[in-house]
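Bear in mind that the values in this text are calculations on the coordinates, not laboratory data. Quantities reported herein were computed from a predicted structural model and do not represent experimental measurements. We place every Cβ from the backbone using ideal geometry, glycine too, and count neighbours over all the protein chains shown.
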Amino acid sequence: MGMKSGRARALLPTAPVGFFDSGVGGLSVLLAARALLPRENALYFADSAHCPYGSKSSDFVRQRALAITGFLLQRGAKAVVVACNSASEAALEFLRQVFPGLEVVGVEPALKVAQGLSRKKKIGVLGTPLTLNGRRFSRLLENFSSGLEVYTQPVAGLVERIEAGRFDDRRTAAILRRSLQPLLDKGIDALVLGCTHYPVIREQIAAVCGPRVRVIDTGEPVARQLQRRLQARGLLRCGRGGGRVEYFSSGDPGDVEPVMRAIMADPALQVSQACL
Ligand code: DGL
């Protein structure tokens, strides 16, 4: 399998870090990684042809994660960031088993951070059904919810709005109000964004929540974890020069490119199609 050839060669710090998500959501993690580790080269894969993951079976998402990780390794990735809560829920352990030598960094809803920030000890978590019904998330709840009231809210339709670049229209606003109101009614003062798509519309979410609710996402902690893991393996890229990012999508670049350009604030960004 892909990793065999990947392990045969020595990895260099100049090799890229591979990131993937069902679509454009993982760009919120890539942005945090670029802010902390601007010298790193990166590959980003948006599985747009199979988005959303959050309403699909774990088995399906695991197969997608396997194919995409193989693709990233073929393109020389020195580490892989599963920049998607749903794929981390479904496939993180699996990928680590299949690719034992590979550094695989995942994401999970930032309950621990919320626990520290919430004064009322009432926390809301927005996420996909796959993430919120999963085993990793229930373990997380067992570990970090003592003394807390945690209210989870699966959100339907929001990922699709973000994929379409509809960050700020009436339908998106209606989904937000409908999803957030039950949590606000419980009196939460911290909201965990348990899907990497949601930070893309963080401002809109914060506006519905109001100033008393802290909105928390995982981009920065994941970037720090990536930094630690690369450092531990001697794979952190030092020296001069900014890193480059190459973007791929299983969907039509004509659809995904404008949305990625908006999120990355890079009008020159180009996406290559890769049908896996
Ligand atoms: N951005 C992903 C997540 O963090 C995937 C959402 C989806 O495709 O449903 O869960």
## Note on the structure
Per the filter on region 28-62, residues among the hydrophobic types (A, V, I, L, M, F, W, C), touching a strand residue (DSSP E or B) at 6+ places or on another chain (Cβ under 7 Å) and within 11 Å of the ligand (Cβ to nearest atom) are Val29, Ala46
#### Entry: Residue identified as out of contact with any helix residue (DSSP H, G or I) (no Cβ under 9 Å at 6 or more places or on another chain) and touching a residue at least 60 places away in the same chain (Cβ under 8 Å) among Ala49, Ala83
Ala49
### Task
Please indicate, with yes or no, whether at least one residue in region 91-98 is touching a residue at least 24 places away in the same chain (Cβ under 8 Å), over 21 Å from Gly242 (Cα atoms), in contact with a strand residue (DSSP E or B) (Cβ under 7 Å, 6 or more places away or on another chain) and more than 15 Å from the ligand (Cβ to nearest atom).
yes
### Spans of helices (runs of 4 or more DSSP H) in region 147-226 with at least 2 residues within 16 Å of the ligand (Cβ to nearest atom), in contact (Cβ under 8 Å) with a residue 40 or more places away in the chain and of a type outside the set (Val, Ile, Thr)
158-163
### Message
Conditions first: (1) within 16 Å of the ligand (Cβ to nearest atom); (2) more than 18 Å from Val215 (Cβ to Cβ); (3) of a type outside the set (Val, Ile, Thr); (4) assigned to a loop (DSSP other than H, G, I, E, B). Leu130 passes all but one, so which condition is the exception?
### Response
(4)
### Query
In region 23-82, which residue that is among the basic types (Lys, Arg) and surrounded by fewer than 21 Cβ atoms within 10 Å (Cβ to Cβ) is nearest to Gly254 (Cα to Cα)?
Arg75
